[in-house]
Amino acid sequence: MNFKTFNFHPQIAAGVQALGYMTPTPVQLQSIPSILQGRDIMSLAQTGTGKTAAFVLPILQRLMQGARGHLRALIIAPTRELAEQINETVYGLGSQTGLRSVTLYGGVAINPQIQKLRQGAEIAVACPGRLLDHIRQGTIKVSALEVLVLDEADRMFDMGFLPDVRKILRHLPSQRQTLFFSATMPSDIRRLAHDILRDPVTVQIDHTVPLTTVSHALYPVDKHLKTALLMEILRHTDTESVLVFTRTKHRAKQIARQLGKAGYCATSLQGNLSQNQRQAALNGFRDGSFKILVATDIAARGIDVSRISHVINYDIPDTAEAYTHRIGRTGRAAKTGDAFTLITREDASMVRTIESSLGVKLERRTLKDFNYTAPAQKMESLLHHQPLQRHKQATARRTKSKKAAAFGSPARTTSFSRTTKQRHARVSSGTNPSAHRSRQSRGTR
Ligand code: AMP
């Protein structure tokens, strides 16, 4: 089965080819034919399944026919990051079509958005708050709207956007096609779907079991040793891009800072940042200049970085759904990834909940050379004295024996991307990380 089956307009097929999509994913196979027929869709699919292209492609196909120069498709998403990502997919798949799109979200100037709307964008990707502003100010015309997409509806509900969404819906033409995407179906979302969909086709992609391309492991540890263990995991693991989740904004910032001090190219993504700072963090993570992004759940929603090799839950998530969402950031599409979760004794009941939701017992891992009994104070002070790896090699050498004692292993001056020279140095001193990695079995790449 390939994309030719859908008989897309050649200009759209060119976009599919440009993005390198060869085989449609299950959600695309199940949704695209019905959407092309004009049916409403209720799709239970999590991020990472290819759901964005599942609605973008048939929308582009529809817009190839008919008038241009006014808004015909509206996609509503919970976060600015997700809106940007969807827009990138529209841009990528529609690059040859001449169709125009605009993103509408708050935290940035409204005038450029108004201008793009005036110029006749056919597609808008919007967050609820700013969209309502445009509707109230009369700067968006929705009267000729043909297709509405609600993406990640459950997250919109979590973020308190449902009243705004209902207000928006009152302004839209009732004659339209509606495509509804949600990873989970809490009762408020089910009610909303029931109210706005007409005879929908239901598409259900296994939404509770995370992608099989992801391998999971739990790392039991005392609370005060979490940061040290995180560092040790990073030292022993071959990674591309790593997404670390914390429960609070403050901790995201703090961990990113500590990782930075330890020589990693790390940054944080959390709600206290301005839109420009958020975008800079995301762009840096996407283009690889930041190898580690430490984020809270809300901030990380919808992040799509194709090279995320590892998701590390510094703090266990609050729900099994949140676990699924978080690890949906890795192993995307056909790639594989690892999901590590640091767990303390207090997390026991959430671990059980996650395991029962996944239907599997997750592997517990311990690092052979990590000192799990180090006292709190000592570990903290050692972390503060962790040398800046790239710039303080001399300091690193001086502190080597001191750290070795505390971590139970020879100290390393490992920066995130190790050089061949460093690898050789370690081989000759008997601390070759690959040897250690093979002892750790799965979970390293
Ligand atoms: P999504 O679930 O829409 O966030 O998509 C997850 C990732 O899969 C994105 O990086 C897409 O570009 C990619 N993707 C979507 N459809 C396909 C496909 N048919 N083949 C390969 N990659 C895809």
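Please go through the stretch 124-170 and give me each residue that is out of contact with any Phe, Trp or Tyr (no Cβ under 8 Å at 6 or more places or on another chain), at pLDDT 95 or above and within 18 Å of L197 (Cβ to Cβ), ordered by number. If the condition is that a residue be out of contact with any Phe, Trp or Tyr (no Cβ under 8 Å at 6 or more places or on another chain), at pLDDT 95 or above and within 18 Å of L197 (Cβ to Cβ), then L145, E146, V147, L148, V165, R166, I168, L169, R170 are the ones that fit.
Pairs linking a residue in the stretch 11-27 that is assigned by TED's automatic domain parsing to the domain that holds V56 to a residue that is in a helix (DSSP H, G or I) and within 7 Å of the ligand (Cβ to nearest atom), with Cβ atoms under 6 Å and 6 or more positions apart or on different chains, are V27/K51. Report yes if L218 is in the same structural domain as I59 (by TED's automatic domain parsing) and over 28 Å from P26 (Cβ atoms), otherwise no. Against the criterion (in the same structural domain as I59 (by TED's automatic domain parsing) and over 28 Å from P26 (Cβ atoms)), L218 does not qualify. Kindly establish whether R62 is in contact with a helix residue (DSSP H, G or I) (Cβ under 9 Å, 6 or more places away or on another chain), modelled with pLDDT of 95 or more, away from the ligand (no atom under 14 Å from the Cβ) and among the charged types (D, E, K, R). For R62, the condition - in contact with a helix residue (DSSP H, G or I) (Cβ under 9 Å, 6 or more places away or on another chain), modelled with pLDDT of 95 or more, away from the ligand (no atom under 14 Å from the Cβ) and among the charged types (D, E, K, R) - is met.
Out of E152, E146, one residue alone is in contact (Cβ under 8 Å) with a residue 60 or more places away in the chain and crowded, with 22+ Cβ neighbours inside 10 Å. It is E152.
Screening A53 with (1) among the small types (G, A, S); (2) closer than 30 Å to S274 by Cα; (3) away from the ligand (no atom under 15 Å from the Cβ) gives one miss only, at (3). Within the stretch 4-20, the presence of a residue that is of a type in the set (D, E, K, R), within 15 Å of the ligand (Cβ to nearest atom), closer than 24 Å to R198 by Cα and not in a loop (DSSP other than H, G, I, E, B) is excluded. When the stretch 21-30 is limited to residues that are near the ligand (Cβ under 9 Å from one of its atoms) and out of contact with any Gly (no Cβ under 7 Å at 6 or more places or on another chain), the one that is farthest from L179 (Cα to Cα) turns out to be M22. With respect to the conditions (1) closer than 27 Å to T319 by Cα; (2) out of contact with any Gly (no Cβ under 6 Å at 6 or more places or on another chain), A266 falls short on a single one, namely (2).
Pairs meeting the criteria (first residue in the stretch 183-207 and under 19 Å from Q37 (Cβ atoms), second residue among the charged types (D, E, K, R), beta carbons under 6 Å, at least 6 apart or on different chains) are L197/D40; R198/D40; P200/D40; V201/R39. For the stretch 89-110, give me each residue that is within 26 Å of G160 (Cα to Cα) and without any contact (Cβ under 8 Å) to a residue 24 or more places away in the chain. Matches in the stretch 89-110: V102, T103, A109. State whether one or more residues within the stretch 31-49 are within 13 Å of the ligand (Cβ to nearest atom) and in a helix (DSSP H, G or I). So far as the stretch 31-49 goes, yes, one or more of its residues are within 13 Å of the ligand (Cβ to nearest atom) and in a helix (DSSP H, G or I). A search for C-beta distances below 6 Å between a residue of the stretch 43-72 that is free of Cβ contacts under 8 Å to residues at least 60 places away in the same chain and any residue that is part of a loop (DSSP other than H, G, I, E, B) and small (G, A, S), counting only pairs 6+ apart in sequence or on different chains, returns L60/G94; G69/G120. The residues of the stretch 164-199 that are under 22 Å from T79 (Cα atoms) and of a type in the set (S, T, N, Q), listed by number, are T178, S182, T184, S187.
The values are calculated or read from the model by the stated rules, or taken from the named source; none is laboratory data. All of these numbers come straight from a predicted model, not from anything done at the bench. Because the Cβ atoms are built from the backbone with ideal geometry, glycine has one as well, and the counts that use them run over all protein chains shown.
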